[in-house]
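Engineer: Have a look at this one.
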Amino acid sequence: MEVSEAQHIDAVRARLYPRYPDVDRYLVDEVIDTVFHRFDGCPIRDFVPLLVERAATRALDVSPIPSPRTEHLPATPV
């Protein structure tokens, strides 16, 4: 059974969501999709998911944006 490129990209999403729990999933998806589309038109596709994961990870490591869910949580009393 051959795994499609879309399935590989879905696996990238599944690995990056828990790695960046404080970043809204919409933003993680946007980063992944933006990086993925940089490879549009490239004839060799074998390594695209790996390259997408690496570039998305670098982008999210540089400037992660907190999720709206965590920005407005009340402070926890100590």
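The values are calculated or read from the model by the stated rules, or taken from the named source; none is laboratory data. This is a predicted model, so every value here is computed, not measured. Every residue, glycine among them, receives a Cβ derived from its backbone with ideal geometry; neighbour counts consider all protein chains shown.
Engineer: Those residues that are buried (at least 18 other Cβ atoms within 10 Å of the Cβ) and farther than 16 Å from His8 by Cβ, I need them from segment 32-62; list them, please.
Structural biologist: Leu60
Engineer: Next up: Find the helices (runs of 4 or more DSSP H) located wholly in the chain whose residues include 3 or more that are in contact with a helix residue (DSSP H, G or I) (Cβ under 7 Å, 6 or more places away or on another chain) and modelled with pLDDT of 90 or more, and list them.
Structural biologist: Because the criterion is at least 3 residues that are in contact with a helix residue (DSSP H, G or I) (Cβ under 7 Å, 6 or more places away or on another chain) and modelled with pLDDT of 90 or more, the helices (runs of 4 or more DSSP H) in the chain that meet it are 5-19, 25-37, 48-62.
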